[in-house]
Amino acid sequence: MALLSANLLFPNKTLIPSLDLLRNPNLSPTSPLNPLLSSPSPKRIAISASSCSSSAAAAASADPNLQEITKSFPQTLSNWGEFARRVSGEWDGFGAEFTPEGNPIELPESVVPEAFREWGVEVFDWQTQCPTLASESGDPVLCYKLIKLLPTVGCEADAATRYSVEERIAGSAESRVSALGFDPSGSYVAAWPVDGRGGKKLLEVEHCLVDPANKEVRVRVIQVIAVEEEGMRLEAIRVFSEQWYGPFRNGEQLGGCAIRESGFASSNALKVSDVVGVWQGITASVARFREEQMEMAFGHEIAVAEDA
């Protein structure tokens, strides 16, 4: 597993990857339709990086355009402790799944209370728990559980029942992650290979973004990507809006009716005009996929630079 943390300044660099690259495998990394990798070389790059994989830099060294960035990566994890402190804890909230077009997917009828069906209420959001723990000393390890709770009526939420529990681990012998990029704020990006139905190969790319104005609020976005011979295809998008409720307790305490979040899947979507434009990254993490020898850059804190 490649594990890297870097602070990069990308002047006038677009940090929204082109979905055309996922749909069309014939596009090269430097295609004009891929603004993430086709931007002009930045005039200034300030790097503070850490790595626990010496082969990560070697994998990227084959590309001369990346040598200047990768050659100075120190083999330390100086920022891991701060990241571990900020990411660890009980994160409760709501989660929903969307189609590639952005339409919310309704929960299975079998889990929806009869009262909702009688009232004709459609349910799109799961109430979730995400107890997360990262080691502050020793080998860097990050693990979390995604717990989905059965929908309830009213304040029956205080006695919510678990529907499913999924555990993910990065950094240990049981690690299931291909790459992990982290930031001291508690934000991170991870790539999780997953076996889908019928032997389908999936890659789940997870972006965990902490609110810069409130470190106890975060959003996790997971892109479910099918890896096929002819290329990659976006299959679904999962979004989790979460708040920090206290130190790590392994999910033993439910937020119930005290939870400060609310469902969001059926709320109005942003207009395309509010999103389209040139975005500039303030900080970014770089994660390298050792096996595929790919490089992906992810913006952690982003701000609109100018309109398109």
### Query
How do 231-239, 261-269 rank on mean C-beta neighbours within 10 Å, highest first?
231-239, 261-269
### Message
Ranking request for peptides 102-108, 184-190, 116-122: highest mean number of other beta-carbon atoms within 10 Å first, then the rest in descending order.
### Response
184-190, 102-108, 116-122
#### Entry: Sorted peptide list for 126-133, 214-221, 270-277, criterion being average Cβ within 10 angstrom, highest first
126-133, 214-221, 270-277
### Query
Rounded if a/c is under 1.5, else prolate if a/b beats b/c, else oblate: with a ≥ b ≥ c from the C-alpha gyration tensor eigenvalues square-rooted, which is the range 110-182?
prolate
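Bear in mind these aren't lab numbers, they're just calculated from the coordinates by the rules spelled out. Remember, predicted model here, so these are calculated numbers, not experimental data. Note: ideal-geometry Cβ built from the backbone for every residue, glycine included; neighbour counts use all protein chains shown.
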